[in-house]
Amino acid sequence: MSDEADDTKIGAMTTAEPLSRAIGERYLTYALSTIMHRALPDARDGLKPVHRRILFAMRELRLSATGGFRKSAKISGDVMGNYHPHGDAAIYDAMARLAQDFNVRYPLVDGQGNFGNIDGDNPAASRYTEARLTAIAETLMEGLAENAVDFRPNYDGTLEEPVVMPAAFPNLLANGSSGIAVGMATNIPPHNLDELIQGCHAMLRDPDITTAALVDLIPGPDFPTGGVIVEEKRAIIEAYETGRGAFRTRAKWHIEDLGRGTWQIVVTEIPYQVQKSKLIEKLAELIQTKKIPLLADVRDESADDIRIVLEPRARNVEPDMLMGMLFKNSDLESRFSMNMNVLIDGKVPRVCSLKEVLRAFLDHRRDVLRRRSEHRVEKIDHRLEILEGFIITFLNLDRVIDIIRYDDDPKRALMAEIWGKSHKRATSEKDYVPPPAGQQGELTEVQAEAILNMRLRSLRRLEEMELIRERDALMAERAGLADLLASESLQWKQIGKELEAIRKQFGKGTRLGDRRTAFGEAGTIEDVPFEAMIEREPITVICSRMGWIRALKGHVDLTAEQKFKDGDGPRFAFHAETTDKIVLVAANGRFYTLVGANLPGGRGMGEPVRLMVDLPNDTEIVDFLLFRPGAKLLVASTAGDGFVVPSEEVLAQTKSGKQVLTVKEGVTAALARYVQGDHVAVVGENRKLLVFPLDDLPEMAKGKGVRLQKYKDGGLSDAMTFVLADGLTWKDPAGRTRTEPDLTEWLGDRATAGKMAPRGFPRDNRFT
C-alpha cells in the first residue's frame with residue numbers, strides 16, 4: 001500500500017473518532033465503573049460490590065454463624081476466582097475490616113485470629129486467620145433462595161451473583177461506609193440499629209415525618225469505639241437534612257484519685273478512626289515540646305479495653321482545663337465529616353438526607369417482601385397441584401396400582417384417565433369415611449410424575465388425612481399471601497413486624513445493641529493563661545557569656561559565685577518565676593520568647609540557649625527581659641534609631657523569634673528598656689547627653705524607628721526613660737547614686753547632638 005493510501009486511512013480514522021472524544025468516552029466508562037462498582041455503597045443494602053461478594057461467597061461455603069470456621073485464604077480465593085477478580089490482598093483487607101469491631105459497628109464477619117487492632121497494626125496473613133459469618137450478616141441475606149432480589153452473571157458468565165442483598169436491617173446507616181470515587185466521595189458514620197428501627201417505625205406511621213422528629217429518635221452516630229459527641233443538635237439536624245455535615249467527637253475520660261491530693265486522668269474511649277498508637281505519639285510529642293506544660297507523662301495501660309493514663313505535672317490545675325487544652329491540640333477530639341453520597345437503586349449517585357436513605361431501605365424491603373411472597377405463592381401452587389394428585393391417588397388407589405403394574409407407559413396412562421376427585425376430610429382414623437365417586441378430572445404431568453415417585457409406605461390411610469390437612473393449611477396461607485400482595489397497608493405492617501424481630505434480636509439490651517457513643521456539651525475551649533497551667537515557684541535565671549542558660553530554684557543571691565564551663569563566665573543573672581515569659585533580645589533585632597518553667601534545672605551547667613531558640617551562632621545576646629503585659633518598651637539600635645513598642649508585640653510564638661527592630665549591616669540592637677516616665681535620656685559614645693519628651697517617639701509594632709540623637713562619630717551608647725520632675729539618676733564610678741535635678745542644659749529636640757554629660761557621669765556611658 002502506498003504512503004498516500006496510508007495517509008488517507010489515518011485521516012479517515014481521525015475523522016471517524018477524534019482523540020478527545022475517544023479519551024472522553026473511555027474516561028467516562030472508567031469513572032462510572034469506579035462509582036458504581038467500587039467506591040459508593042448501595043442505599044438498599046449499604047454494601048459495595050466487594051463486600052457483597054465476600055458475604056455471598058461465605059454463604060455459598062456454608063460458613064454460618066453456628067458452623068465452623070474456614071481459612072481466610074480459602075474465602076478470599078473463592079471470592080477472587082468466582083466473583084471478584086481484583087486481587088486476593090484487596091479482598092482479604094476488605095473482609096478483615098468487616099471483622100474489626102473497632103471499625104464496624106455491627107461486624108458482618110466473625111474472625112478467629114489476628115485481624116488487626118485499634119493501634120493500627122495490620123491483620124495477620126490470610127493463611128493464619130479463619131472466619132465465618134455473623135448472625136446479623138445472615139439476616140442481610142435472608143431471602144436469597146426465595147427470589148427476593150435479582151441475580152446477574154458473574155464476571156466470566158459461569159455463575160450468578162446477587163445484584164443487591166435483601167437486607168433485613170438498614171445496614172448503610174448501621175455500619176456506615178466510606179469511599180473515594182472519580183469526582184465524588186462518600187463518608188457515612190455508623191448508627192445504633194435499635195434507634196434506626198425506631199426511625200423506620202416512625203416513617204411507616206408518618207411518611208411525611210420531619211428530619212427534626214427523626215433526630216429525636218436517631219440523635220446521632222453511634223461509633224464502635226464510643227466517645228462523646230459534642231455537636232449541637234441544630235447542626236446535627238442540618239447535617240441529616242442536607243446529607244452533609246460533621247460530628248465533633250471527644251474521648252471519654254474520668255479522674256482517678258491517687259490519694260494525698262494527687263490524681264490522674266484515665267481515657268477509656270477514643271474517637272472513631274483514631275489510631276491509639278498515633279494518639280499516644282502525639283501526646284508524647286506535646287510533652288516533649290512542652291506545648292502543654294501541665295502534662296507530665298502519658299502511659300498506655302490498655303489490654304482488651306482502652307486505658308490511657310495522663311499524669312499532670314501539678315495538682316493545682318483543673319482537670320477540665322487540662323483536657324480542654326488536650327482536646328484542642330490532639331486527636332482526643334476529632335471531627336467526622338459526613339457525606340451521604342450513595343447509589344439510589346444501584347444506578348444513580350446522589351447525596352441523600354437521612355429520610356431519603358431510610359425511605360430507600362423501606363422501599364427495598366417492600367420490594368423484597370412482594371417478591372418473596374410471590375415466590376412463596378408459586379411454591380404453594382406447585383405443592384397444591386401435587387397434593388391434589390396424591391389425594392386422587394388415594395381415592396382411586398386400586399386403579400392407580402393397576403395402571404402402574406400393567407401399563408407400558410404408566411405416566412401417559414395416568415394422565416389420560418378420568419379420575420373422581422370429591423371426598424370428605426377425615427379428622428382422625430376413627431371417623432375416616434372413604435370418599436364417594438364425584439367430580440371427574442385429569443392428572444397433570446407434574447401430578448403424574450409425583451404419583452410415580454411416591455413411596456409405597458406413603459399409601460397408608462392416615463397419610464391421606466395428613467395430605468388433606470397440609471392442603472388446607474397451604475390454601476389458608478395462600479389466601480393470606482394474596483391479601484398481603486393486594487394490600488399496601490398489610491405490606492408495611494408486615495415490614496414493621498420483621499423490623500421489630502430484628503430489633504429484639506440485636507437491639508438495646510443485647511451485647512451489640514446498647515448505644516456506645518454518648519452526647520455532651522462542647523463548652524468553650526478558651527486560651528488558658530499560661531500562668532494558670534504552671535505551679536508558680538521562684539527561680540533565679542543565669543546565662544553565661546557563651547549563652548548557657550539555667551534556672552536555679554528559689555531567689556538566690558545574684559552576687560553569689562556560680563560554676564561555669566572552662567573559658568566561660570557570668571553575664572546575665574536575674575530573679576523570675578516559673579510562670580514568667582522571658583524575652584531574649586538579640587543583636588539582630590529579633591526578639592525570642594522563653595518560658596521560665598521550660599528552662600533547664602540549675603544542677604548542671606545548663607543548656608545552650610541557641611538549642612531552645614533559632615538564634616544564629618554569630619549573633620550576640622543583648623539583654624533578657626521579664627514580660628509585662630500591657631507595658632511598653634523603648635528599643636534602639638547602635639545607629640541611634642529607635643521607637644516605642646507595646647510589650648505584646650515582642651512576644652514570639654515560634655522558635656524562630658520575631659523581628660521587631662530593623663537593622664542594616666554594621667548596625668546592631670543596642671537596648672530594650674521598659675518605659676517609665678515622660679522623657680527620654682540618650683547618651684552617645686561621644687559622651688554627649690540629650691533629653692527630650694517621650695511623646696516625640698512614635699509607637700510602632702516593628703521597624704527601624706526614628707533618629708534619637710545625632711552623631712558625627714560613633715553611635716548610641718545607652719538610653720532610658722524617666723520622670724523629668726524627679727531628675728536623672730545614675731551611679732558614679734564609686735557606686736554612689738547621683739541625681740541631676742536640673743536638666744535644662746540637656747533638654748533639646750529629638751535628633752540633635754546634645755551636650756557633654758555632667759561631671760561624675762559613668763565612664764562606660766551607661767545609666768545603670
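The values are calculated or read from the model by the stated rules, or taken from the named source; none is laboratory data. The structure displayed is predicted, hence computed values, not measured ones. Positions of Cβ are backbone-derived with ideal geometry, glycine not excepted, and every protein chain shown enters the neighbour counts.
Here are some notes:
To keep it simple, each residue is scored yes or no on (1) under 30 Å from Phe223 (Cβ atoms); (2) modelled with pLDDT of 90 or more; (3) buried (at least 18 other Cβ atoms within 10 Å of the Cβ).
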| site | (1), (2), (3) |
| --- | --- |
| Ser330 | yes, yes, yes |
| Arg359 | yes, yes, no |
| Arg370 | no, yes, no |
| Thr393 | no, no, yes |
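- Any strands (runs of 3 or more DSSP E) falling wholly within the stretch 320-391 and containing at least 2 residues that are aliphatic (A, V, I, L, M) and touching a residue at least 24 places away in the same chain (Cβ under 8 Å): 341-344
- Restricting attention to the stretch 395-436 and to residues that are farther than 18 Å from Met465 by Cα and in a loop (DSSP other than H, G, I, E, B), the residue that is modelled with the lowest pLDDT turns out to be Ile418.
- Just one of the listed residues (Thr242, Thr225) is surrounded by fewer than 22 Cβ atoms within 10 Å (Cβ to Cβ) and either of a type in the set (S, T, N, Q) or free of Cβ contacts under 8 Å to residues at least 24 places away in the same chain (or both), namely Thr242.
- So Ala202, is it surrounded by fewer than 22 Cβ atoms within 10 Å (Cβ to Cβ) and at pLDDT 95 or above: yes
- Residue match in the stretch 529-549 (condition: at pLDDT 85 or above, over 30 Å from Thr249 (Cβ atoms), charged (D, E, K, R) and in contact with a Leu (Cβ under 8 Å, 6 or more places away or on another chain)): no
- Residue in the stretch 343-350 that is surrounded by 20 or more Cβ atoms within 10 Å (Cβ to Cβ) and either at pLDDT 95 or above or outside the structural domain of Glu142 (by TED's automatic domain parsing) (or both) present: yes
- Checked against (1) surrounded by fewer than 17 Cβ atoms within 10 Å (Cβ to Cβ); (2) touching a residue at least 40 places away in the same chain (Cβ under 8 Å); (3) β-branched (Val, Ile, Thr), Thr211 passes all but a single condition, namely (1).
- Residue match in the stretch 448-460 (condition: modelled with pLDDT under 90, of a type in the set (S, T, N, Q) and assigned by TED's automatic domain parsing to the domain that holds Ala416): yes
- The single residue among Ala701, Ala681, Ala652 that is under 20 Å from Asp764 (Cβ atoms) and either of a type in the set (Ser, Thr, Tyr) or touching a strand residue (DSSP E or B) at 6+ places or on another chain (Cβ under 9 Å) (or both) turns out to be Ala681.
- Residues of the stretch 636-694 that turn out to be within 13 Å of Phe722 (Cβ to Cβ) and of a type in the set (Gly, Ala, Ser), as a count: 2
- Of all the residues in the stretch 685-723, those that are part of a strand (DSSP E or B), in contact with a Ser or Thr (Cβ under 9 Å, 6 or more places away or on another chain), farther than 15 Å from Gly748 by Cα and not polar (S, T, N, Q) number 5.
- The stretch 322-355: number of residues that are hydrophobic (A, V, I, L, M, F, W, C) and farther than 30 Å from Asp206 by Cβ: 6
- Subset of the stretch 645-662 that is among the aliphatic types (A, V, I, L, M) and assigned to a strand (DSSP E or B) - its residue that is surrounded by the most Cβ atoms within 10 Å (Cβ to Cβ): Leu661
- The residues of the stretch 673-723 that are surrounded by fewer than 22 Cβ atoms within 10 Å (Cβ to Cβ) and at positive phi, listed by number, are Gly677, Arg687, Gly703, Gly714.
- When the test is whether a residue is closer than 22 Å to Ala587 by Cβ, among the acidic types (Asp, Glu), exposed (fewer than 13 other Cβ atoms within 10 Å of the Cβ) and at pLDDT below 95, Asp764 passes it.
- Across the stretch 705-720, the qualifying residues are those that are in contact with a Phe, Trp or Tyr (Cβ under 8 Å, 6 or more places away or on another chain) and not hydrophobic (A, V, I, L, M, F, W, C), and the one among them that is farthest from Glu649 (Cα to Cα) is Asp718.
- Taking the criterion of being out of contact with any strand residue (DSSP E or B) (no Cβ under 9 Å at 6 or more places or on another chain) and either more than 17 Å from Glu333 (Cβ to Cβ) or in a helix (DSSP H, G or I) (or both), the residues of the stretch 278-319 that qualify are Lys278, Glu281, Lys282, Glu285, Gln288, Thr289, Ala303, Asp304, Asn316, Val317, Glu318.
- Residue within the stretch 247-268 that is under 28 Å from Leu499 (Cα atoms) and of a type in the set (Gly, Ala, Ser) present: no
- Any strands (runs of 3 or more DSSP E) falling wholly within the stretch 60-153 and containing at least 1 residues that are over 25 Å from Gln275 (Cβ atoms) and free of Cβ contacts under 8 Å to residues at least 60 places away in the same chain: 151-153
- Subset tally (residues that are among the basic types (Lys, Arg), in contact (Cβ under 8 Å) with a residue 12 or more places away in the chain and part of a helix (DSSP H, G or I)) for the stretch 494-512: 1
- Those residues of the stretch 140-168 which are within 22 Å of Arg359 (Cα to Cα) and either among the acidic types (Asp, Glu) or surrounded by fewer than 13 Cβ atoms within 10 Å (Cβ to Cβ) (or both), in sequence order: Glu142, Asp150
- Candidate set: the stretch 724-749, residues that are in a loop (DSSP other than H, G, I, E, B) and in contact (Cβ under 8 Å) with a residue 40 or more places away in the chain; chosen: the one farthest from the chain's Cα centre (by Cα): Leu743
- Residue match in the stretch 513-532 (condition: in a helix (DSSP H, G or I), farther than 30 Å from Asp618 by Cβ and of a type outside the set (Gly, Ala, Ser)): yes
- Listed by position, the strands (runs of 3 or more DSSP E) inside the stretch 562-613 whose residues that are β-branched (Val, Ile, Thr) and touching a Leu at 6+ places or on another chain (Cβ under 7 Å) number at least 2 are 581-586.
Yes/no matrix, rows are residues, columns are (1) outside the structural domain of Asp45 (by TED's automatic domain parsing); (2) out of contact with any Ser or Thr (no Cβ under 8 Å at 6 or more places or on another chain); (3) part of a helix (DSSP H, G or I):
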position: Thr186; (1), (2), (3): yes, no, no
position: His191; (1), (2), (3): yes, yes, no
position: Val215; (1), (2), (3): yes, yes, yes
position: Asp222; (1), (2), (3): yes, no, no
position: Glu256; (1), (2), (3): yes, yes, no
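- Failed criterion for Ser637 (all others in (1) buried (at least 18 other Cβ atoms within 10 Å of the Cβ); (2) not assigned by TED's automatic domain parsing to the domain that holds Gly714 hold): (2)
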